[in-house]
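Worksheet: one structure, shown below.
Read-outs throughout are calculated quantities, based only on the coordinates presented, and are distinct from any laboratory measurement. Being a predicted model, the structure only gives us computed values, none of them experimental. Backbone-built Cβ (ideal geometry, glycine too); neighbour counts: all protein chains shown.
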């Protein structure tokens with residue numbers, strides 16, 4: 001991996017390696033939009049972990065037209081002072097800082113603001129197309145451009161090493177650059193030269209306030225990835241226009257909110273999904289150094305990108321959240337200990353709910369100082385029942401604190417139902433997470449018993465100080481006439497087994513599990529029908545927009561037949577009967593896959609109360625939920641064990 005850790009020079013600034021933490025929204029700014037203490041520690045942890053370049057989140061240069069403090073704002077001296085703290089602490093670890101400055105979000109602005117958004121033109125608001133954005137006046141544009149220069153000076157004085165122009169992804173500057181949103185008839189609209197005018201004026205504003213030496217990077221989206229958006233041909237033309245204009249680097253992106261999964265990838269995208277943009281730029285003869293991103297967490301792939309000259313620098317987004325020490329672990333040969341991103345995008349979903357930044361598989365993310373582990377005050381004997389993400393995390397965390405830990409798993413392998421979640425070919429990141437948990441269990445002082453079905457009697461006989469119940473939930477099997485005449489398999493069992501018998505499969509339930517099970521079987525060439533009682537699939541699923549978009553795209557491109565507002569009323573050998581709107585029809589069915597939900601069972605907890613000193617139930621054992629619920633409950637249970645009832 002030597003190439004990844006070579007020193008690199010961009011814009012005259014020496015970087016200690018070719019790895020950086022990319023800019024991502026942070027859901028816990030200070031009330032005035034400045035950098036919070038938690039935010040500062042969050043960036044510092046990634047510098048400590050070995051990243052050579054740290055991007056704080058996109059930062060607006062003015063709150064005049066978009067007053068929300070999210071993302072950050074850099075317009076006053078006290079904002080600059082807190083940015084200086086980031087720079088000082090990050091620099092202590094040999095890393096550099098790039099301040100990505102933005103004119104605003106425009107038509108994709110935060111949906112909970114009670115404002116009429118402003119954009120390059122009168123175009124539909126993304127979150128509600130019935131609302132039309134107001135167009136910025138020329139005077140307002142000039143004001144924002146000047147504010148960009150002033151903010152750049154604040155950033156320079158704070159100690160940043162680079163300024164980056166936030167001109168990508170369908171955000172405000174990109175709304176000016178793109179003719180899909182720019183309908184202006186003045187000097188900022190029409191030709192590509194006019195649409196790029198705002199970029200040149202921003203660059204000139206930075207030079208006016210900061211002088212000639214501060215390196216300026218620009219982040220661009222050469223390909224929008226949706227019908228009517230920018231195509232690669234125009235994207236390359238834009239890069240050629242800017243190639244000799246003195247930019248230190250081009251930070252390349254792919255996608256907009258219309259296909260958000262390309263820009264902010266999900267579990268469903270392939271690795272390196274954005275590299276084709278850089279490859280096209282190199283082929284077109286672009287000389288400016290290229291910075292790339294997009295599912296580049298595999299060390300071998302990252303190394304290939306640098307070795308083959310596809311790009312000059314790599315940024316990690318979500319991989320730096322799941323494991324801020326990715327660079328150091330790779331450099332010292334411990335890549336197998338990297339906690340992988342599972343592409344769930346809970347980090348985005350929580351921000352859209354106005355919650356603080358976190359990560360499904362890293363409870364410390366955004367809470368680096370708040371949730372640090374301390375050594376156990378007493379050597380408790382801890383028995384963990386169940387090795388899914390909650391149980392595994394509880395066992396690992398308890399062992400790291402110094403408790404005596406034993407883990408019981410009823411099956412022959414560790415992982416619980418998350419094994420099923422990682423079974424489809426398009427869920428490889430989840431499979432890697434299962435493997436990661438298994439390695440961490442083996443590397444910590446945890447006694448493991450497989451094929452060990454926990455009973456109340458055995459637990460009482462074992463006499464642990466603490467029992468953590470993480471045995472998961474049970475699938476719901478609906479009462480339907482004739483179910484006993486069909487070949488029936490529960491979805492989790494089917495996914496664990498890898499397949500089911502027969503070629504004609506009916507999946508009962510169009511939630512997340514049902515849809516992924518259907519896609520898995522469709523990929524095996526089976527004839528699959530989803531039967532869902534609600535008016536659409538995925539209506540009960542609480543996940544990020546980009547995950548929803550990506551999954552729906554996969555289903556739309558498959559051969560799966562979908563019957564919504566439909567219920568199954570009867571089963572018989574070789575077929576099922578369904579009803580929609582009072583009309584019945586039969587569907588050939590070799591196997592019925594049940595995916596209608598799960599139910600918790602807390603009987604064991606009730607029976608152990610008063611017989612074991614401390615009994616704690618977590619994860620799906622409490623309430624069927626998501627990986628983030630189980631992992632965080634497992635971590636915090638072990639972290640706070642002495643303080644819990």
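Things to note:
- Point-to-point label distance, residue 377-residue 439, nm (Cα→Cβ direction, 7 Å offset): 3.5
- Here the calculated FRET efficiency for residue 447 and residue 536, from their Cβ-Cβ distance with R0 = 30 Å, stands at 0.05, rounded to the nearest 0.05.
- Share of Cα-Cα pairs in the stretch 368-493 lying beyond 22 Å, as whole percent: 45
- Label of the coordinate-derived value, percent of Cα pairs over 40 Å apart, listed as (i) 39; (ii) 25; (iii) 35: (iii)
- Relative contact order [Cα under 8 Å, 6+ residues apart], the stretch 145-269, whole percent: 28
- Over all pairs of different C-alpha atoms in the stretch 2-352, the reciprocal of the mean inverse distance, the Kirkwood hydrodynamic radius, equals 20.1 Å.
- Percentage of interatomic Cα-Cα distances in the stretch 491-619 larger than 24 Å: 37
- Approximating the spin labels as points 7 Å out from Cα along Cα→Cβ, the residue 304-to-residue 270 distance works out to 1.1 nm.
- Share of pairwise Cα-Cα distances greater than 22 Å in the stretch 487-557 is 19 percent (whole percent).
- Kirkwood Rh in Å, taken over all unlike Cα pairs in the stretch 429-484: 15.2
- Protection proxy ranking of 235-247, 589-601, 144-156, 570-582 - average other beta-carbon atoms within 10 Å, highest first: 144-156, 589-601, 235-247, 570-582
- 222 nm mean residue ellipticity, helices alone, for the chain (DSSP H n ≥ 4; -39,500 (n - 2.57); rounded to 500): -9500 deg cm²/dmol
- Stokes-Einstein D (µm²/s) once Rh is taken as the Kirkwood radius of the stretch 1-157 over alpha-carbon pairs, at 37 °C in 0.692 mPa s: 195
- With R₀ set to 25 Å, the beta-carbon distance separating residue 116 from residue 545 gives a calculated FRET efficiency near 0.70.
- Listed by Cβ neighbour count within 10 Å, with the fewest neighbours leading, 261, 209 appear as 209, 261.
- Note on residue 279 and residue 92: the extension gain reaches 63.9 nm, defined as 0.36 nm multiplied by sequence separation minus the Cα-Cα distance.
- Stretching the chain fully between residue 337 and residue 81 yields a gain of 88.5 nm (0.36 nm per residue, less the alpha carbon separation).
- In range of the label at residue 501: residues from the stretch 469-488 whose backbone nitrogen is under 13 Å from the point 7 Å along Cα→Cβ: 485-488
- Rounded to 5, percent antiparallel among DSSP beta bridges of the chain: 20
- Relative packing of 344-351, 449-456, 623-630, which averages over residues the other C-beta atoms within 10 Å, highest first: 344-351, 623-630, 449-456
- Pairwise FRET efficiency - residue 185 versus residue 130, Cβ, R0 = 41 Å, nearest 0.05: 0.95
- Packing-based exposure ordering (other Cβ within 10 Å, fewest first) of 341, 515, 210, 500: 210, 500, 515, 341
- Between residue 567 and residue 553, residue separation times 0.36 nm minus the direct Cα-Cα distance comes to 2.6 nm.
- Counting neighbouring Cβ atoms within 10 Å and putting the fewest first, the residues 178, 491 line up as 178, 491.
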